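Here's the structure, in structure tokens; my notes come after.
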Amino acid sequence: MKALRIAVVDDEPLARARLRRLLAMHEAGATVHEYDSGPALLAAWHDAPADVVFVDIQMPEMDGFAAMAGLPPPRPQVIFVTAHAEHAVQAFEIAAADYLIKPVAPERLSAALRRVRERIAAAPAPATYPPRLALPIGRRVQLVDVDAIDCVLAQANYVEIRVGTRCFVLRKPLTVVQQELDPARFARVHRSALVRITAVAGIEPLPSGRFRLQLAAGQVLTSGRSYREHVRRTFGLSSPAAFAG
């Protein structure tokens, strides 16, 4: 049985330590990485992806739902660990594997891990990504090559798909559209923005730690602060020194 790669995300050190002790009892061979915030998880994900993420919901800077929305495909199994029961419906709406109430009971953790392994075993083969998307224009549909898409922007309960000077409106969440696009070709740079990597013509660092992205088609986007490390890795900006001089 393959050892699980586990990420524990919680701003409370004692909560992380207790969960780690319980995991050592139930998943002795697992690799466990701890993070004190959602941005810390997102920054490390490229180098240390996980099969399952145990994540608190109420954390400063970024809550657990936002952190999970920021992860690139393929999605890990997610188990929310919180002191509050009122978010359970929202958790299962995004297909969480389980929802544990603090303090976590050993038998509940065991059941959650068993469910995770069942899900992983039943998971389909790795996704293939369509070369074109069907985008509505009034009563008809236009097939658009994904390589023509410049960016996808979240707006309330829909997204705008920008293709050159054209803008298509699609009534889907950004996270759903992201799952339809190859993560090797598209990058999340903000909780509300996804860009085609080769559509970015220039990048300017900002004093806030964000980046201003100039797209070849003319759009200008500003990255989210929590996506700073992801932007650096995606575009080969190894460190702030890359901009010196």
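Candidates are the residues of segment 172-186 that are part of a loop (DSSP other than H, G, I, E, B) and hydrophobic (A, V, I, L, M, F, W, C); the one that is modelled with the lowest pLDDT is ALA184. Within segment 24-44, the set of residues being surrounded by fewer than 22 Cβ atoms within 10 Å (Cβ to Cβ) and under 19 Å from HIS190 (Cβ atoms) comprises SER37, ALA40, ALA43, ALA44. Looking across segment 176-225 at every residue that is among the hydroxyl-bearing types (Ser, Thr, Tyr) and loosely packed, with under 15 Cβ neighbours inside 10 Å, the one that is farthest from ALA66 (Cα to Cα) is identified as THR198.
Taken as a whole, the condition of being touching an Asp or Glu at 6+ places or on another chain (Cβ under 9 Å), at pLDDT 95 or above and in a strand (DSSP E or B) does not apply to ALA201.
Taken residue by residue, segment 216-226 has at least one member that is under 19 Å from TRP45 (Cα atoms), outside the structural domain of GLY64 (by TED's automatic domain parsing) and at pLDDT 95 or above. Residues considered: VAL144, VAL169, VAL189, VAL231. Of these, the only one that is touching a Ser or Thr at 6+ places or on another chain (Cβ under 6 Å) and part of a strand (DSSP E or B) is VAL189. If you go through segment 2-55 and keep only what is free of Cβ contacts under 8 Å to residues at least 24 places away in the same chain and over 17 Å from PRO72 (Cα atoms), you end up with LYS2, PRO13, LEU14, ARG16, ALA17, ARG20, ARG21, ALA24, ALA28. In segment 172-187, the residues that are more than 20 Å from SER226 (Cβ to Cβ) reach residues that are of a type in the set (Lys, Arg) with C-beta atoms within less than 7 angstrom, at least six apart or across chains, in these pairs: ARG185/ARG196. Is at least one residue of segment 91-99 over 26 Å from ALA187 (Cα atoms) and either charged (D, E, K, R) or assigned to a helix (DSSP H, G or I) (or both)? Within segment 91-99, one or more residues are over 26 Å from ALA187 (Cα atoms) and either charged (D, E, K, R) or assigned to a helix (DSSP H, G or I) (or both). The condition of being without any contact (Cβ under 8 Å) to a residue 12 or more places away in the chain and either buried (at least 17 other Cβ atoms within 10 Å of the Cβ) or in a helix (DSSP H, G or I) (or both) holds for only one of ARG114, ARG162, ARG119, that being ARG114.
Are any residues in segment 19-78 under 15 Å from the mean Cα position of the chain (by Cα) and basic (Lys, Arg), and if so, which ones? Within segment 19-78, just ARG75 meets the criteria.
Could you check, for segment 138-151, whether at least one of its residues is assigned by TED's automatic domain parsing to the domain that holds GLY164, in contact (Cβ under 8 Å) with a residue 60 or more places away in the chain and of a type in the set (A, V, I, L, M, F, W, C)? The answer is yes, given that some residue of segment 138-151 is assigned by TED's automatic domain parsing to the domain that holds GLY164, in contact (Cβ under 8 Å) with a residue 60 or more places away in the chain and of a type in the set (A, V, I, L, M, F, W, C).
The values are calculated or read from the model by the stated rules, or taken from the named source; none is laboratory data. All values derive from a computational prediction rather than experimental measurement. Quick reminder, even Gly has a Cβ in these numbers, built from the backbone with ideal geometry, and neighbours come from all protein chains shown.
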